[in-house]
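Note sheet for the following structure.
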Amino acid sequence: MSKELKVGDLVVINTEEPGWEHLEEKEDSHPLKLQGIVIEVRKSSYVVTFDTWTAYLKGKDVRKIS
């Protein structure tokens, strides 16, 4: 993974990645537009909770904010 995150880090979706451009069209209250918390670090992905949603993301898909 390009950057190392650890459990407890706050992240947001990296909307600069082409796969996440569609997120800009969603309402501001959409869970993936909120801050997420890394709850697990796996070999090739991160498990992140956004409000009531859980996402399995690659390092390029998130930006660390804390």
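Any read-out appearing in this document is the output of simple, stated calculations on the displayed coordinates, not a laboratory observation. Everything numeric here is computed off the predicted structure, so don't read it as measured data. Note: ideal-geometry Cβ built from the backbone for every residue, glycine included; neighbour counts use all protein chains shown.
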If you rank Tyr56, Tyr46 by fewest surrounding Cβ atoms within 10 Å, what's the result? Tyr56, Tyr46
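Kindly provide the trypsin sites (Lys or Arg not before Pro) of segment 8-62 that DSSP labels as loop, not H, G, I, E or B, and whose Cβ sees at most 10 other Cβ atoms within 10 Å.
Passing sites in segment 8-62 are Arg42, Lys43.
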Model label zone, Lys6; criterion: amide N under 13 Å from point 7 Å along Cα-to-beta-carbon; scope segment 34-66: 41
Which longest uninterrupted range of the chain lacks any GluC sites (Glu not before Pro) assigned by DSSP to a loop state (not H, G, I, E or B) and surrounded by at most 16 other Cβ atoms within 10 Å? 28-66
Tell me the Kirkwood radius of segment 10-64: reciprocal of the mean inverse pair distance over distinct alpha-carbon atoms, in Å. 11.3 Å
Near Trp53, within a Cβ-to-Cβ distance under 13 Å, what is the net charge of the other residues, with Lys and Arg +1 and Asp and Glu -1? +1
